[in-house]
Amino acid sequence: MVLLGCGSVALGWSPLAISITFGLSVFAAIMIFQPISGAHINPAVSIAFAAKGDLETEALPGYIIAQCLGAFLAAVIVVDGATTPKVSIANTWAIEIAITFLLMYSIHVLVRREASLFKLAFGVGLMVSVLSFCFGGFTGASMNPARTMGPNIVTGSGHLILYSIATVIGAVLSNFIPGPLDEEP
């Protein structure tokens, strides 16, 4: 995701092309890695799944280390694509929480409906593309601590706490929205 998405930023592509590239990279990652590891490419998503009991907590540190290491190595190759706020810090917090909430909620809906691998990958990739396009100009539309951590460390851009914590808050908050297939307490 960092290699392709941030690579499109480095190449100076249009916001639409960048958003589509991020969505396609998520689509490809899910298609390739979901059968192997659940396609956990986002620490916020992995933390939300673990908090809900849908991911073994023992596996969580390994996932997060792999996600962040992969993002960092890709960022070393690309050397661009840092996520930086273009609006106030308060608005950046609110937007990142909201868009990560929407991303994670879409994942919950697709998983609850037991969507096919293609539908899951397409749905999540489409959501990433749409959210990136709509909010990228305001916050960079991180939605993923690893996606921000790699490029921001390599470029020295900062804001790691904001993009790490806001995305995790948004993802975990989505756990509290019941779906039509959830059991009644």
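A compact table of results
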{"quantity": "Residue pairs meeting the criteria (Cβ under 6 Å; at least 6 apart or on separate chains; first aromatic (Phe, Trp, Tyr), in the range 98-111; second part of a helix (DSSP H, G or I) and at pLDDT 95 or above)", "calculated": "101/170; 101/173; 101/174; 105/174"}
{"quantity": "Residues that are under 15 Å from the mean Cα position of the chain (by Cα) and either among the aliphatic types (A, V, I, L, M) or modelled with pLDDT under 95 (or both), drawn from the range 42-52", "calculated": "44, 45, 47, 48"}
{"quantity": "Members of the range 12-47 found to be surrounded by 15 or more Cβ atoms within 10 Å (Cβ to Cβ), more than 20 Å from residue 117 (Cβ to Cβ) and among the small types (Gly, Ala, Ser), listed by number", "calculated": "19, 44"}
{"quantity": "Filter result for residue 129 (surrounded by fewer than 19 Cβ atoms within 10 Å (Cβ to Cβ) and small (Gly, Ala, Ser))", "calculated": "no"}
{"quantity": "Considering residues of the range 1-46 that are in a helix (DSSP H, G or I) and of a type in the set (Ser, Thr, Tyr) only, the residue farthest from residue 107 (Cα to Cα)", "calculated": "8"}
{"quantity": "The range 87-140, residues that are among the charged types (D, E, K, R) and in contact with a Ser or Thr (Cβ under 6 Å, 6 or more places away or on another chain)", "calculated": "96"}
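Okay, residues lined up against (1) at pLDDT 95 or above; (2) among the polar types (S, T, N, Q); (3) closer than 27 Å to residue 133 by Cβ; (4) in contact with a Gly (Cβ under 8 Å, 6 or more places away or on another chain):
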site	(1), (2), (3), (4)
40	no, no, yes, no
54	no, no, no, no
69	yes, no, no, no
81	no, no, yes, yes
88	yes, yes, yes, no
92	yes, yes, yes, no
95	yes, no, yes, no
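The values are calculated or read from the model by the stated rules, or taken from the named source; none is laboratory data. This is a predicted model, so every value here is computed, not measured. With ideal geometry, Cβ positions are generated from the backbone for all residues, glycine too; neighbour counts draw on all protein chains shown.
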